[in-house]
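The values are calculated or read from the model by the stated rules, or taken from the named source; none is laboratory data. The shown structure was predicted, so the numbers you read here are calculated from the model rather than taken from an experiment. Every residue, glycine among them, receives a Cβ derived from its backbone with ideal geometry; neighbour counts consider all protein chains shown. Note: accessible area is taken over every heavy atom of the protein model, side chains too, but ligands, DNA and RNA are not part of it. Shrake-Rupley method; radii C 1.70, N 1.55, O 1.52, S 1.80 Å.
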Amino acid sequence: MSDTWVPVPAGSGFGIANLPYGVFTTPGTAPRVGVRIGDHVLDLAAALGDEVFARPSLNAFLAQGRARWSEVRARLVDLLTSEAHRPAVEPALHPLDTVRLRMPFEVADYIDFYASEHHATNVGRIFRPDAAPLLPNWKHLPVGYHGRAGTVVVSGTGIVRPCGQRK
């Protein structure tokens, strides 16, 4: 046995330096928070014994702030690199191909911004057909608009795009 145990192959891109959080399910289980490590997902509720990770989103954990995030990351690095923790960690690891990823957070509301002059001009033509499509302030400060939370979906979700406008 080695002095440091990391359950990932070298060079995989998902080692200790990159611990992305997400929400996942396995067949017959409720959504919960995990961290990708190599070709596995570590169930954080099981590995850390912390109920905040048994919830179906990251919102409660994110609300705890930077000090807590740093504390959890340090604990994860310890768990995933110390051979002494291997017997406790291995049962909480799920092969990536056996989990289903879910929306990682609950979206309440958001503001989006026009980043493209072309986009802003086209929208301006729709909203102001008898005026200049692009207002002068667009070139000097960001123009935001209210986004709909329902338009935020998990990667890979099929999206039906509108095909023009009809009366």
Legend entry - Count - residues of segment 29-60 that are within 14 Å of ARG75 (Cα to Cα) and among the polar types (S, T, N, Q): 0
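Do any strands (runs of 3 or more DSSP E) lying entirely in segment 13-72 carry at least 1 residues that are farther than 20 Å from GLU90 by Cα and modelled with pLDDT of 95 or more, and which ones are they?
Values: elements: 21-25, 32-37, 40-43.
Answer list for segment 13-72: none.
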Inset, instruction - Show the residue pairs that are 6+ apart or on different chains and have beta-carbon atoms under 6 Å apart, the first residue being within segment 95-118 and touching a residue at least 40 places away in the same chain (Cβ under 8 Å), the second being open to solvent by 80 Å² or more (accessible area, probe 1.4 Å). - result: LEU96/ASP39
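Could you look through segment 15-34, keep only residues that are among the aliphatic types (A, V, I, L, M) and under 22 Å from VAL153 (Cβ atoms), and pick out the one that is surrounded by the fewest Cβ atoms within 10 Å (Cβ to Cβ)? Quick ask: steps written out before the conclusion?
The first filter runs over segment 15-34 and keeps only residues among the aliphatic types (A, V, I, L, M), leaving 16-17, 19, 23, 30, 33.
Now drop any that are not under 22 Å from VAL153 (Cβ atoms), which leaves 23, 30, 33.
On the way: VAL23: 22, ALA30: 10, VAL33: 26.
Looking at the filtered set, the residue picked out is ALA30.
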Legend entry - Search result, residues across segment 44-70 that are of a type in the set (A, V, I, L, M), open to solvent by 70 Å² or more (accessible area, probe 1.4 Å) and under 15 Å from the mean Cα position of the chain (by Cα): LEU62, ALA63
Legend entry - Check on ARG102, in contact with a Pro (Cβ under 6 Å, 6 or more places away or on another chain) and either modelled with pLDDT under 80 or surrounded by 13 or more Cβ atoms within 10 Å (Cβ to Cβ) (or both): yes
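Does LEU76 satisfy being open to solvent by less than 40 Å² (accessible area, probe 1.4 Å), assigned to a helix (DSSP H, G or I) and touching a Pro at 6+ places or on another chain (Cβ under 9 Å)?
Values: open to solvent by less than 40 Å² (accessible area, probe 1.4 Å): yes; assigned to a helix (DSSP H, G or I): yes; touching a Pro at 6+ places or on another chain (Cβ under 9 Å): no.
The answer is no for LEU76.
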Inset, instruction - Looking only at segment 105-134, count how many residues are over 20 Å from the mean Cα position of the chain (by Cα), surrounded by 12 or more Cβ atoms within 10 Å (Cβ to Cβ), in a loop (DSSP other than H, G, I, E, B) and not hydroxyl-bearing (Ser, Thr, Tyr). - result: 3
